[in-house]
């Protein structure tokens, strides 16, 4: 029987974000970039797990829920802006990535040069970035 969060037995991608101290906009820029990248990869919109205002040295309830969902087979991919979201200590961050890998889940890092902005061909009332008049000078 599929997990309630899976879509008819199809596993869906997840995204994990952690910000300390708390980000009142709940990391909207990162969320948008991860969502856009997932679509570019041919994935569906990811389920977002957010530990906002949580230090990696304390309890991370969203990361725990994500780990439980991965273990239950709900997610096969976790998108992150970088492994630093798990912990600023690279050894701890790498260990978290390895735990997901051991469960058959790939952690996909947002490329450093990734931009969620349109590449042209968007809505007619929104020209491609960089188009239009150039400033003098």
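For the subset of region 75-86 comprising residues that are in a loop (DSSP other than H, G, I, E, B) and in contact with a helix residue (DSSP H, G or I) (Cβ under 7 Å, 6 or more places away or on another chain), which member is surrounded by the most Cβ atoms within 10 Å (Cβ to Cβ)? Write out each step before concluding.
At the first step, the residues of region 75-86 found to be in a loop (DSSP other than H, G, I, E, B) are 75-76, 81-82, 86.
Pick out the ones that are also in contact with a helix residue (DSSP H, G or I) (Cβ under 7 Å, 6 or more places away or on another chain) and you get 75, 81, 86.
Working: 75: 29, 81: 21, 86: 25.
Only one residue tops the list, namely 75.
For region 53-74, state whether one or more residues are surrounded by fewer than 18 Cβ atoms within 10 Å (Cβ to Cβ), touching a residue at least 12 places away in the same chain (Cβ under 8 Å) and farther than 20 Å from residue 101 by Cα. Checked region 53-74: at least one residue is surrounded by fewer than 18 Cβ atoms within 10 Å (Cβ to Cβ), touching a residue at least 12 places away in the same chain (Cβ under 8 Å) and farther than 20 Å from residue 101 by Cα.
Residue-level check: of (1) at pLDDT 95 or above; (2) under 14 Å from residue 76 (Cα atoms), residue 12 misses just (1). If the condition is being closer than 25 Å to residue 104 by Cβ, out of contact with any helix residue (DSSP H, G or I) (no Cβ under 9 Å at 6 or more places or on another chain) and in a helix (DSSP H, G or I), then region 34-69 contributes 34, 35, 37, 38, 39, 40, 61, 62, 64, 65, 68, 69.
Condition first: out of contact with any helix residue (DSSP H, G or I) (no Cβ under 8 Å at 6 or more places or on another chain), within 22 Å of residue 11 (Cβ to Cβ) and modelled with pLDDT of 95 or more. Can you find one or more residues in region 87-99 that meet it? So far as region 87-99 goes, yes, one or more of its residues are out of contact with any helix residue (DSSP H, G or I) (no Cβ under 8 Å at 6 or more places or on another chain), within 22 Å of residue 11 (Cβ to Cβ) and modelled with pLDDT of 95 or more.
The values are calculated or read from the model by the stated rules, or taken from the named source; none is laboratory data. All of these numbers come straight from a predicted model, not from anything done at the bench. Cβ atoms come from the backbone with ideal geometry, glycine included; neighbour counts cover every protein chain shown.
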